[in-house]
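Below is one structure; the comments refer to it alone.
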Amino acid sequence: MHPRKRPRKNASAMKLVGKLVARFREAAGLTQRELAERLNAHEETIASIEQGRRPLKPDMAEAMDQLLETKRALETAVENMPEIDLIPAWAEEYMDLESEAIALSFFANQVLPGLLQPKPYAQAVFRSRVPVFSQDEITALVTSRLERQEILRPKVPPAISFILSEAVVLARLGGDKVYAETLRHLHTCAELPGITLQVIPLSRQTHAALDGPFVLIETPDHQHLGYTETQRGSQIVSDPDEVSILSQKYAMLRTQALNPEDTKALLDRLLRGEQ
């Protein structure tokens, strides 16, 4: 059974709707923070919508129309936005949480997390998909993935930790040229404020997360959640006991991985062609 897909809004249309929101908000004499407070939303959510980084959802469009007295202009715009039906519904909830999180912790053992993928690597990921995507679909998906990476460079960056299996770092997905660019990109990301990058060596004799990859999320209201993916679906983990287990696994992984300085040294050696 295939997972239900929810249409992903066209990026250009999202930017247009975002500019409308900003124009109506300014005409009403409100700041982003003031509008967020009146809608019981986060200021970052309003900023992301106005910048075209996230879609304006129908319920919020309706609330904005009422508050800003825009005669259903935003609701109409949202209803008539062109769509790209590519992002599965089961990924949408996680992407919303990711964009607003104040802390994220990733463990990956097969492919780089989307937030760490440079463009050529992301293209190689989507070109590897079975059944295959069309070139237009690949272009749209890569664009969406790169837009998500903006959360790595905000004015106040979230705390983000990445623990990668050395197998992920050694994999030459996309070929030698892409591999070298990916190593340089990882080194650059490791230098960004708020980001910690660690690698678990293949030589380890114990491993705290043999069950597979997962993500830990801390929301702006300090709720702690987990997220796991499978071949054809995913799960938001909200049960405190289950989140605690994932947190314990992650804490152990941090002790089993190379520290950030040794991880950068490993990336340097790999770039020089050393093992």
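Counting only residues that are under 29 Å from M252 (Cβ atoms) and out of contact with any helix residue (DSSP H, G or I) (no Cβ under 9 Å at 6 or more places or on another chain), the range 117-162 holds 1 of them.
Here's a check for you: in the range 241-275, which residue that is of a type in the set (S, T, Y) and surrounded by 13 or more Cβ atoms within 10 Å (Cβ to Cβ) is farthest from I217 (Cα to Cα)? Walk me through how you get there before you give the answer.
Applying the first criterion (of a type in the set (S, T, Y)) to the range 241-275 yields 244, 247, 250, 255, 263.
Imposing the further condition that a residue be surrounded by 13 or more Cβ atoms within 10 Å (Cβ to Cβ) reduces the set to 247, 250, 263.
Values: S247: 10, Y250: 12, T263: 23 Å.
In this case the residue turns out to be T263.
A residue that is in the same structural domain as V243 (by TED's automatic domain parsing), out of contact with any helix residue (DSSP H, G or I) (no Cβ under 7 Å at 6 or more places or on another chain) and part of a helix (DSSP H, G or I) occurs nowhere in the range 50-63.
The values are calculated or read from the model by the stated rules, or taken from the named source; none is laboratory data. Since we're looking at a predicted model, the values are computed, not measured. We place every Cβ from the backbone using ideal geometry, glycine too, and count neighbours over all the protein chains shown.
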